[in-house]
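Beneath this line is the structure, given in C-alpha cells, with notes to follow.
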Amino acid sequence: MTGVSAPTGLGEFDLGHLAFWGRPEADRVAAFARLRQLDQPRFVPFINNLPLARKDDGVYALVRHADVAEASRNPKLFSSEPTANAVFDMPPWLAPFFDSMINMDGPRHSRIRKVVARAFSPRLLTKLEVDLQRRASRIVDDVVTVGRGDLVTQVAQRLPIQVICDMMGIPEHQYDYVLERTNIIIGFSDPEYTGISRDYLMRHGAPGRRHIIPVSARLLWAGLDLIRLVRRLGEERTRHPQDDLISALVNTNADGDRLAPRDVGTFFILLLVAGNETTRNVIAHAVRLFTEHPDQRALLLADYDGRIGPAIEEIVRYVTPVIQFRRTVTADCELGGREFHRGDKLLLFYNSANRDEAVFADPDRFDITRSPNPHLGFGGPGPHYCLGANLARREVTVMLRELYTRLPEIRTEGEPERLLSFFVNGIKRLPFTTGG
C-alpha cells in the first residue's frame, strides 16, 4: 500500500506515478482510451521502495471491459491472493490490519463471505430503510440551516459512516473517531494524510524510502485503533449479544459459523473502505454531475422514482469510485492478446473498463437513461462482486431524494478538491450552495 515510485520523466502511460493521477480528469480518460487501443495489455513499471523488496517491479494493466470481466470471473487463474488491495504484496507489519477476505480465494473466502453476507440480506436492508430516511432527513435539516458549505463533510460522508457504524453497533459519539482513521487509510498516498509534500509526490511518484516508516506508522495506528474498537465491542457482544452486526458475526449462527476476532477487525476496515468511501464519493460526484449536466438533472427530477435506479448505475459507471484492484496469475495463460506467466501481477482498471467503446456507446457521455449498462463499478462478475452494492444503491437513492426534494436548487460551486490516489476516485472537499 506504500512505497510506490516510478521512473524519472513522466510518460503518457506511467500509471504507477502519482503525477499521472494528479493530472486533469480529461487527460487521464484520454490516456486510458489510447491504452484500450493497444493490441495487448501494457506492462507498467514500478520501483518498490519497501524494505527487502525487488528493485524492479511492475504490473500489467487490464483496461478493456472483456479482459477485466474475464479476470474477475476466473479466480483460480487470476487470484486475489496474496493481495488484491495493494500493488505490492502486503508487508508483514500491515497484514494483520488490512489482509481481509478481499485478499482471499477459495474456501477461506467463501466461508467468511457467507458469514458476513447476512449483513446485506434483503431483510436487513428493509429494516434499514426507515433509519436511512431518518438520518438523511437530519443531514438535510442541517444543510437547510446553513445554505452552503462543503458537500463532502456536511452531506456525502455523513450518511454512509453513520449507517456502517450503526450496523456494527458502534456508539454515535465514536463516529468521528472512526471517520478520522478511515480517511488516513484511504488517503495513504495523499499529501494531506501522509505528511509528504505534493511537490515531492509529483516529482518522485510516491513516498520514498525515508517515508516508509512514518507512512506505515500512520496506517498501523489507524488500523490498530479500529481493530481495538471492534475487538472490545466483539468481546462485549459475545457475553451480551445485541441486535447488531458485531453480535451476528462473533456469535455462532445456526450453521455453526462465526468470525474469529481478527477477521471481524479486518472485515470492519474493509467495510469502512468499500462501503463508506464508495458511497460518499458516489453522492458527492452525483451532485457535481447533475450541476454540470442540468438536462440530466431535469430528467431525473421529472420522474425520480422511475429514473433513480438507472441514474445510480450511470453515476457509478461514469465516476468509478474504486479505480482498480489487483490479481496475481497462478499459471501460464493468455488474456487480451498477451501471454502471462505464473506470478505476473495484473491491475484491473474498472475506470477504463467502464469507458470501453466496445461495450458503451459514446462512453464519455453522462446519460442516466443508458441501457443496457453492464458497468464494473461494483467489481467484475465472480466471487468478489461487491457485497454491499445494494446497500450503497439504497443509501444514494435516499440521500439524493431528500436533497432534491427539499433543495431542488442545490448545486456545486467550482472544482472539487480531489484525493491524490491511484486506488479511489475520491473527493475531499466540494463547495456547494442551495441557491438561496
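The values are calculated or read from the model by the stated rules, or taken from the named source; none is laboratory data. Quick caveat: nothing in here was measured; it's all calculated off a predicted structure. Positions of Cβ are generated from backbone atoms using ideal geometry, with glycine treated the same way; all protein chains shown enter the neighbour counts. Side chains are part of the model used for accessible areas, which takes the heavy atoms of the whole protein and leaves out ligands, DNA and RNA. Shrake-Rupley method; radii C 1.70, N 1.55, O 1.52, S 1.80 Å.
Structural remarks
- Top-ranked residue of the range 326-347 - restricted to ones that are closer than 14 Å to Arg42 by Cα and aliphatic (A, V, I, L, M), ranked as surrounded by the most Cβ atoms within 10 Å (Cβ to Cβ): Leu347
- Cβ pairs under 8 Å, 6+ apart, first in the range 283-300 and in contact (Cβ under 8 Å) with a residue 12 or more places away in the chain, second part of a helix (DSSP H, G or I) and open to solvent by 50 Å² or more (accessible area, probe 1.4 Å): Leu299/Arg307; Leu300/Arg307
- Pairs linking a residue in the range 18-39 that is closer than 14 Å to Glu357 by Cα to a residue that is open to solvent by less than 70 Å² (accessible area, probe 1.4 Å) and in a loop (DSSP other than H, G, I, E, B), with Cβ atoms under 6 Å and 6 or more positions apart or on different chains, are Phe32/Val63; Leu35/Val63; Arg36/Val63; Arg36/Arg64.
- Checking Val250, Val230, Val273 one by one, the residue that is of a type outside the set (Asp, Glu), without any contact (Cβ under 8 Å) to a residue 60 or more places away in the chain and surrounded by 14 or more Cβ atoms within 10 Å (Cβ to Cβ) is Val250 and no other.
- Residue in the range 64-77 that is of a type in the set (Ser, Thr, Tyr) and either under 22 Å from Arg231 (Cβ atoms) or surrounded by fewer than 22 Cβ atoms within 10 Å (Cβ to Cβ) (or both) present: no
- Qualifying residues in the range 143-170 (those that are open to solvent by 50 Å² or more (accessible area, probe 1.4 Å) and not hydroxyl-bearing (Ser, Thr, Tyr)) - the one nearest to the chain's Cα centre (by Cα): Arg158
- Selection count where residues are of a type in the set (Asp, Glu) and under 20 Å from Asn276 (Cβ atoms), scope the range 186-206: 2
- All conditions but one from (1) farther than 24 Å from Ile246 by Cα; (2) open to solvent by 30 Å² or more (accessible area, probe 1.4 Å) apply to Ala61; the one that does not is (2).
- In the set (1) in a loop (DSSP other than H, G, I, E, B); (2) modelled with pLDDT of 95 or more; (3) hydrophobic (A, V, I, L, M, F, W, C), Ala33 fails one condition alone, (1).
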